[in-house]
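Here the structure comes first, spelled out in structure tokens, and everything after it is commentary.
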Amino acid sequence: MPLPVPSGSSPFPGEPFPLGATLTDRGVNFAVVADGAQAVDLCLVDALGSEQMVPMQDRRYGIWHTFVPGVRAGQRYGYRVTGRDRSKILLDPYARRVDTTEYDLMAASAAGVDTLGRVPLAVVVEQVRVSPARPAIPWEHSIVYEAHVAGLTRLHPEVPSALRGTYAGIAHPAVIEHLQRLHVTALELLPVHAHAAEPELHATGRRNYWGYSTLSYFAVHPGYSSVPGQELAEFAAMVETLHAADIEVILDVVYNHTCEGGSGLPVDLSWRGLAPDTYYLPAGHDITGTGSTVDPKSLTVVRMITDSLRYWATELGVDGFRFDLASVLGRPGGGPFDSGSALLTAIAADPVLSQVKLIAEPWDATGEGYAVGRFGAQWAEWNDRYRDAVRDFWRGVGGVRDLGYRLSGSEDLYGGNRGPWASVNFVTAHDGFTLRDIVSYEQKHNEANGEKNRDGTDNNRSANYGAEGATSDPEILAVRARQARNIAATVLLSTGTPMLLGGDEIWRTQGGNNNAYCQDNAVSWVDWSQVTNRDDDDLGTEAARMLAFVRRTTGIRRESPALHQGEFFEGRAPVGGDGVPDLVWFSQSGRQMTDADWFDGQRRTLQMWLDGRDVRGHTTTGAPMTDHSWLLVLHADADPIELTLPGPPYGEAYTPVLDTSGPTGEPEDPSPLSAGVELTMPGRTLWLLRAHRTSEEDDVTTPDVPPSGND
């Protein structure tokens, strides 16, 4: 039985808080959790790889701590734990920088094999703090753009070669201008926490390109720095550059599991060697599909995650977080999902974190973890029911009943104490088909991933329109481009928070790979060759035409408050108005939808009318907003349809503003269309029409959102 550890026996005991390595003008305070350890040694490693051990003889609140005079920034260090495998030198869970993300799999996984020089070490750093000035874009004015740091710029010809694939590449003027002209308000980056290949991938010579395999929750990933060792400063500079362009930064964070592997091939890099029972669910309780599932039950884990989030939000200026497999964070001990769990409550109640954007991926690898619509009042959620409804509608499956909920903000999921902003409306994301592939492939083609095409979902809800994958058939290509425009326009004109997948706007393909997690190559990188070094009116490529279309559509959304309202519709008429409700649904006949219409599974056409005089939301200065009234018409059938636009009081006539039958969305004939008169609407088309109402004032109040750059 181990002897009790003495308290206060070190000549420099230090303090238990803050955890990690805290640099002062006299030295460094080190503090680490190692529950159940008999003893902990701090190992200071010099440039030649030799270590100096400093016994951590003080422990308070379960935290081992010591102060070492004279230690400066740049010092590498790790920990060795007596009572477990002392041969393993372990990374500080609070490391602000790591010297590498590579490790020796055989050494790290074998008991009794010393890992000094074979695994990542922590590095003491000086504090870096981003300017506190932030864009602070209201949810209802947000357009999110999801991208990978490396993949977005690796092939960008206007970014200097030394900066491609880096934080500095993201901050390059060519990239900033592209985002501004898309009217993007938030750049959501795939994981930038330092990450390493999981043991199973490592063993086959592959790596996790996406980064969903965290090595440190506090360190910036070094592989995306243009200058070795400068990743912290370069990341901070990127954030400040984006903020100066009025673009927020949202990080995809992976607090549900780590890179230390499952029971089949675990490695001791950090948490597993320090306190496995504190950090992880027990073996056999894997709810992430990856092993090393983090258990949000313990105080240590709650503290680590909230400390990490606060660090990125306060010191590094991050504006929000998208939580990968967020349901895990509400399942302490792997039990049922609880939106009021200790960790989720701690995040929402935190005075700092309650002020940033919180986005949940509301599921995990189990059916029990599916929690769409069940997160708390301050959370937005990736809405997969929106994704499925839009994909199904445009490929001609099902009716319009579910689509109506999704177009109007998904109040059935987020009503009560949230608003339509809580629905992150997306049809494509990093995992799954790209927009181009949704309309080009019916089956996944993941052979290159090395798993015999068994990985990735089979539930693609996609169509190829006559040929699987690449084709030269002009009719098929025309239908594909049109359907892509329909899908993109639906996302951007629905009430809620739209999210675009980076590269979709320039016709990116992954060749049918719907799970390119290990493809750090042209499969995943954005190809800019078809849109750079071209004038705006040069529409000779499908990529250029799609880019023009997306720019046009995001611009319309940005300038039209009725299309991005902050509150749910109520079907009510504004006080002092003409008795017209704020939202009205019409069939193709121009008559209001009946229950029978909604439950007609063969219905392929829907008209959505929005009252511009009763906009739900305010400008950033608190002023009420007004707008034109709008009619959104969606027709998914391949054949044309005879359509009647609703007459007064909804509109005497309607001016076409967006028409997906054209390559850029610009209507071929902008002349007003008469209401109450039968028109022919082409197959597979979306129209956005501005209503002309004699009772509607001409002046409108648009949201005072930041300037959008060159249009």
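The values are calculated or read from the model by the stated rules, or taken from the named source; none is laboratory data. From a predicted model like this one, the values you see are computed outputs, not experimental measurements. No Cβ is skipped: glycine too gets one built from the backbone with ideal geometry, and neighbour counts run over all protein chains shown. Areas reflect the complete protein model, heavy atoms only, side chains present, ligands, DNA and RNA absent. Shrake-Rupley method; radii C 1.70, N 1.55, O 1.52, S 1.80 Å.
How tilted is helix 474-493 with respect to the longest principal axis of the chain? Cα atoms for both, answer in degrees (0 to 90, nearest 10).
Around 80 degrees separate the two axes.
Using all alpha carbons of the range 305-359, what is the percent of pairwise distances in each 10 Å bin, ordered from the shortest bin to the longest?
Taking every Cα pair in the range 305-359, the percentages come to 24, 55, 19, 2.
If you average the sequence gap of Cα pairs under 8 Å that are 6 or more apart and divide by the length of the range 1-131, what percent do you get for the contact order?
25
Of the accessible area of the chain, with the probe set at 1.4 angstrom, what percent is carbon plus sulfur? Walk me through the numbers before you get to the answer.
Details: 12870 of 25820 Å².
Here carbon and sulfur together make up 50 percent of the probe-accessible area.
Packing-wise, with mean Cβ within 10 Å as the measure, how do 450-462, 13-25 rank, highest first?
Sorting 450-462, 13-25 by mean packing, highest first, produces 13-25, 450-462.
Could you work out the local net charge near ALA636, counting Lys and Arg as +1, Asp and Glu as -1, over the other residues with Cβ closer than 12 Å to its Cβ? Mind dumping the intermediate values first?
Values: positive: ARG391, ARG395, ARG482, ARG603, ARG604, ARG684; negative: ASP392, ASP637, ASP639.
Neighbour charge sum, excluding ALA636 itself: +3.
I need the phi-derived Karplus couplings for the range 250-261: 6.51 cos²θ - 1.76 cosθ + 1.60, θ = phi - 60°, integer Hz, Gly and Pro marked x.
10, 9, 7, 10, 10, 8, 8, 7, 10, 8, 7, x
State log₁₀ I(q)/I(0) for the range 377-464 at q = 0.22, 0.26 Å⁻¹ as given by the Debye formula over alpha-carbon point scatterers of equal weight, solvent excluded.
Cα-only, vacuum Debye calculation for the range 377-464: -1.04, -1.25.
Roll a 1.4 Å probe over the protein chains and send me the accessible area per residue for the range 297-387 in Å². Each step should come with its number before you reach the end.
Values: 2670 Å² over 91 residues.
Counting only protein heavy atoms, the per-residue value for the range 297-387 is 29 Å².
Based on C-alpha coordinates, I'd like the Rg and Dmax of the range 370-521, in Å.
Looking at the range 370-521, its Cα Rg and Dmax stand at 16.0, 51 Å.
Going highest first, how would you order 317-328, 115-126, 674-685 by mean Cβ packing within 10 Å?
On the way: 317-328: 24.9, 115-126: 21.6, 674-685: 16.3.
The peptides rank, most packed first, as 317-328, 115-126, 674-685.
At 1.4 Å probe radius, can you tell me the per residue accessible area of the range 459-521 in Å²?
Using a 1.4 Å probe on heavy atoms only, each residue of the range 459-521 averages 27 Å².
Let me see the pair-distance distribution of the range 100-185: every alpha carbon pair, 10 Å bin width, integer percents in order.
Once binned at 10 Å, the Cα pair distances of the range 100-185 give 13, 25, 27, 21, 12, 2.
Return the inverse of the average 1/r over all pairs of distinct C-alpha atoms in the chain, which is the Kirkwood hydrodynamic radius, in Å to one decimal.
It is 26.9 Å.
Can you list the residues, at least 5 places off or on another chain, whose amide H is less than 5 Å from the amide H of GLY27, using H built in the peptide plane?
GLY70
Would you pull out the residues with amide H under 5 Å of VAL125's amide H, same chain only if 5 or more places away, H placed 1.01 Å from N?
Long-range HN contacts for VAL125: GLY74.
Can you show me the helix-derived [θ] at 222 nm for the chain, built from DSSP H runs with n ≥ 4 at -39,500 (n - 2.57) apiece and divided by the number of residues, rounded to the nearest 500.
Values: 17 runs with 142 residues, N = 711.
Theoretical 222 nm ellipticity from helices: -5500 deg cm²/dmol.
Could you state the number of Å between the C-alpha centres of the range 293-352 and the range 161-177?
Here the answer is 31 Å between Cα centres.
Ordering MET608, MET593 by accessible area with a probe of 1.4 Å, largest first, what comes out?
MET593, MET608
If you average the C-alpha positions of the range 137-157 and of the range 372-434 separately, how far apart do those two centres end up, in angstrom?
Comparing the Cα centres of the range 137-157 and the range 372-434, I get a distance of 20 Å.
Just to confirm, what accessible area per residue do you get for the range 172-211 at 1.4 Å probe, in whole Å²?
With all protein chains present, the range 172-211 gives 26 Å² per residue.
Trypsin sites (Lys or Arg not before Pro) within the range 181-229: which are DSSP loop residues with at most 11 other Cβ atoms inside 10 Å? Each step should come with its number before you reach the end.
Working: sites: ARG181, ARG206, ARG207; in loops: ARG206, ARG207.
Taking the range 181-229 and a limit of 11 other Cβ atoms within 10 Å, no loop trypsin sites (Lys or Arg not before Pro) are found.
Just to be sure I understand: if I project the alpha-carbon convex hull of the range 457-584 onto a plane and average over all orientations, what area do I get in nm²? Could the numbers behind the result be given before it?
Working: hull surface 46.5 nm².
Hull-based average projected area comes out at 11.6 nm².
With contacts defined as alpha carbon pairs under 8 Å and 6 or more residues apart, what's the relative contact order of the range 118-237 in percent? Mind dumping the intermediate values first?
On the way: 150 pairs, mean separation 32.0, N = 120.
Normalised by residue count, the contact order of the range 118-237 is 27 percent.
Relative contact order of the chain: what whole-number percent is it, with Cα pairs under 8 angstrom and at least 6 residues apart?
10
With angles folded into 0 to 90 degrees, how steeply does helix 299-314 sit against the dominant principal axis of the chain? Use alpha carbons for both and round to 10.
The helix 299-314 is inclined about 60 degrees to the chain.
Under 5 Å between amide hydrogens, which residues at least 5 positions from SER216 or on another chain qualify, with H placed 1.01 Å from N in the peptide plane?
ALA194
Which distance in nm do the two modelled labels at ASN459 and ALA73 give, with both placed 7 Å along the Cα-to-Cβ direction?
Rounded to a tenth, the inter-label distance reads 4.9 nm.
Less than 16 Å from a label point 7 Å out along the Cα-to-Cβ axis of GLU200: which backbone N atoms in the range 291-330 qualify, by residue?
291-294
Tell me, what is the Rg over Rh of the range 155-253, with Rh the Kirkwood radius over Cα pairs?
Value, to two decimals: 1.00.
The range 311-427: D in µm²/s via Stokes-Einstein (Kirkwood Rh, Cα pairs, 37 °C, 0.692 mPa s)? It would help to have the intermediate numbers written out before the result.
On the way: Rh = 15.1 Å.
The estimated diffusion coefficient comes to 217 µm²/s.
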